[in-house]
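Peer 1: Here's a structure for you.
What follows is calculated from the coordinates using simple rules that are stated; it is not laboratory data. For clarity, every value in this text was computed on a predicted model and none was experimentally measured. Heads up, the Cβs are rebuilt from the backbone with ideal geometry, glycines too, and the neighbour counts pull from every protein chain shown.
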Amino acid sequence: MIKGKQNTQISKLISYWLRHKPEEGNIILDEFGWTNIDEILTALKSNNPEFNKADLIALNNSFDKVRWKIDEESNRIKATHGHSIPILQEVEPQTPPPTLYHGTATKFLENIIKDGLKSKSRQYVHLSETFDMAKEVGRRHGKPFIIEIDTKRLVEEGWKFYKTEENVWLTSEIPAQYLHLPD
């Protein structure tokens, strides 16, 4: 298997194709975001001729969190979340815990307070089940700030929530009145 920096580059490239721009790898996704593993391997061949299916599976298993779902039986792969392109959810909406969390950086708070949580370039807003998980997400963007979301009220008012394999909850944009900003 390819190691180190090249592994990171391959991982980022595959995620980019599966989440944002499949056409740049000449990859065709179905309506749920699945593609044939061979399409990914073919797209990688020009720069990584020795990278194979076993390497892809090993790379997927090396992540600290679930980024891709691989169905070896049907030889398919998909990104689990983070899409900027429209992807249908394969799972039915689920009822989340009464409170979920969103980790962000303090530099984004002014816009969040004014406009609520927006999906921006992604298809969904991403929420965490735990405070610590949200804090980890927030750290990726700067000094972390954790927002509590009143999911009980959102569900009562018709919001749909989808749970990914990594315990990330997905939903549409959330207006500011459903957000609790700790002092």
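Peer 1: Could you list which residues have their amide H under 5 Å from that of W68, counting only those 5 or more apart in sequence or on another chain, with H placed in the peptide plane?
Peer 2: T80
Peer 1: Now, a different point. My understanding is that a pair violates if its Cα-Cα distance is over 25 Å; which of K120/K143; K114/K135; K21/K118; K21/K135; K65/K135; K12/K120 do that in this structure?
Peer 2: K21/K135
Peer 1: With contacts defined as alpha carbon pairs under 8 Å and 6 or more residues apart, what's the relative contact order of segment 44-183 in percent? Don't skip to the end; give the middle numbers.
Peer 2: On the way: 227 pairs, mean separation 37.0, N = 140.
Answer for segment 44-183 is 26 percent.
Peer 1: On to the next question. What is the extension gain from E24 to A54, computed as 0.36 nm multiplied by their sequence separation minus the C-alpha to C-alpha distance, in nm to one decimal? Walk me through the numbers before you get to the answer.
Peer 2: Details: separation 30, 0.36 × 30 = 10.80 nm, distance 2.34 nm.
Computed gain between E24 and A54 is 8.5 nm.
Peer 1: Now for a separate question. If you plug each phi of segment 104-112 into the Karplus form 6.51 cos²θ - 1.76 cosθ + 1.60 with θ = phi - 60°, what whole-Hz ³J(HN,Hα) values come out, in order, with x for Gly and Pro?
Peer 2: 9, 9, 4, 5, 9, 4, 4, 5, 5
Peer 1: By how many nm would the segment from K152 to I70 lengthen if fully extended, with 0.36 nm per residue of separation less the alpha-carbon distance?
Peer 2: 26.3 nm
Peer 1: Per-residue ellipticity at 222 nm for the chain, helices alone: DSSP H runs ≥ 4 residues times -39500 (n - 2.57), over residue total, nearest 500 deg cm²/dmol?
Peer 2: My calculation for the chain gives -9000 deg cm²/dmol from helical runs alone.
Peer 1: Right, something else. Just in segment 1-91: which GluC sites (Glu not before Pro) are loop by DSSP and have at most 13 other Cβ atoms within 10 Å?
Peer 2: Those satisfying the criteria are E31, E50, E72, E73, E90.
Peer 1: Calculated FRET efficiency, N47 and K120, Cβ-Cβ r, R0 25 Å, to nearest 0.05?
Peer 2: E between N47 and K120, to the nearest 0.05, is 0.25.
Peer 1: Points 7 angstrom from Cα along the Cβ direction at E136 and E110: gap in nanometres?
Peer 2: About 3.1 nm separates the two model spin labels.
Peer 1: Now, a different point. If you add up the charges near E173, with Lys and Arg at +1 and Asp and Glu at -1, over every other residue whose beta carbon is less than 14 angstrom from its beta carbon, what do you get? Intermediate results must be reported in sequence, preceding the final value.
Peer 2: Working: positive: K114, K118, K120, R122, K160; negative: D115, E157.
Computed value for this residue: +3.
Peer 1: What's the longest bit of the chain with no exposed chymotrypsin sites (Phe, Trp or Tyr not before Pro), using DSSP loop states and at most 13 other Cβ atoms within 10 Å as the test?
Peer 2: 64-183
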